[in-house]
Structure formats: C-alpha cells, structure tokens
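S.K.: Take this structure, written in structure tokens, and hold onto it; I'll ask about it next.
The values are calculated or read from the model by the stated rules, or taken from the named source; none is laboratory data. Remember, it's a predicted structure, so these values are computed and weren't measured experimentally. We place every Cβ from the backbone using ideal geometry, glycine too, and count neighbours over all the protein chains shown.
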Amino acid sequence: MSELRIYGIKTCDACRKALRWLDEQGREYRWQDFRADGLEAERLRRWVESIGTDSLVNRRSTTWRNLSEDERSRAADSDQAVALLLEYPTLIKRPVIEQGGGVLVGFNAAIRDRL
C-alpha cells in the first residue's frame, strides 16, 4: 500500500478525528501540521493543480471572512492562490490526505472508504 500522508492543524477537530480513526485502524501515516511545520509551495501547487482551489480553499473559515475583497479575489488564480494559502494556512480545508498520488480533502465516510 502506498504511503499515507496527512496534512492539517493539530487543533482541527476533523484532523484529530482522521488521525484517531487511522490509529484505530492500525494504519501507518505521516502527519504534518502545516501551521507549525510549514508547507512547501511546490506541494501546495500540486494540490491546486490536482483538485483546484474550490476544493482546497475554506471559504467558510473565520480567516476567509477577515480577508479583504482584494485578497479573496487572489484565490481564483492558481499562482496567487498558492501564495495566499502559504500566507494564511488556516484557509486550507482540512485534513488534506495524499495517497497513491491522489489528493483528498476532508474526512467523512466517503473518504474513509477510499483509504
């Protein structure tokens, strides 16, 4: 089975739920807190190319609501979205799961079935 990598923020309920479920299943994974550990621009660019900004940007977050209209408009352009997400990592929907070259966002029954 391919390596499973989980990206998120340690205080995020969805991330904690995903990690707890993976532990209960005895699954091995690699965890990265992108607020504490950072995130590489190239990885973020691959996510944007793979799933798009609509799937990756959390437009319901407090961080999003606190952005100016100019900053929000940057989310529509892939290159500018990468810079915006690097600047404000809490805008990234969580968790982001990489497995077998694919990218999944969130944690629900449909995603669990794919793991």
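S.K.: State which residue is modelled with the lowest pLDDT when the search covers only region 57-78 and only residues that are among the hydrophobic types (A, V, I, L, M, F, W, C) and out of contact with any strand residue (DSSP E or B) (no Cβ under 6 Å at 6 or more places or on another chain).
M.R.: ALA76
S.K.: Among the residues of region 41-59, is there at least one that is assigned to a loop (DSSP other than H, G, I, E, B) and of a type in the set (S, T, N, Q)?
M.R.: yes
S.K.: How many residues, within region 17-40, are of a type outside the set (Lys, Arg) and either in contact with a Cys (Cβ under 7 Å, 6 or more places away or on another chain) or not in a helix (DSSP H, G or I) (or both)?
M.R.: The initial filter retains those residues of region 17-40 that are of a type outside the set (Lys, Arg), namely 18-19, 21-26, 28-29, 31-34, 36-40.
Within this subset, residues satisfying the condition of being either in contact with a Cys (Cβ under 7 Å, 6 or more places away or on another chain) or not in a helix (DSSP H, G or I) (or both) are 25-26, 28-29, 31-34, 36-40.
Within region 17-40, residues that are of a type outside the set (Lys, Arg) and either in contact with a Cys (Cβ under 7 Å, 6 or more places away or on another chain) or not in a helix (DSSP H, G or I) (or both) number 13.
S.K.: THR63: hydroxyl-bearing (Ser, Thr, Tyr), without any contact (Cβ under 8 Å) to a residue 60 or more places away in the chain, over 20 Å from GLU3 (Cβ atoms) and surrounded by 19 or more Cβ atoms within 10 Å (Cβ to Cβ), yes or no? Walk me through it before giving the result.
M.R.: Values: hydroxyl-bearing (Ser, Thr, Tyr): yes; without any contact (Cβ under 8 Å) to a residue 60 or more places away in the chain: yes; over 20 Å from GLU3 (Cβ atoms): yes; surrounded by 19 or more Cβ atoms within 10 Å (Cβ to Cβ): no.
No.
Table: residues versus (1) surrounded by 15 or more Cβ atoms within 10 Å (Cβ to Cβ); (2) not acidic (Asp, Glu).
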position	(1), (2)
GLU40	no, no
SER55	yes, yes
LEU67	yes, yes
PRO89	yes, yes
ILE97	yes, yes
VAL103	yes, yes
ALA110	no, yes
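S.K.: Moving to a separate point now. Limited to region 64-115, what total is found for residues that are over 19 Å from ASP23 (Cα atoms) and assigned to a helix (DSSP H, G or I)?
M.R.: Number of matching residues: 23.
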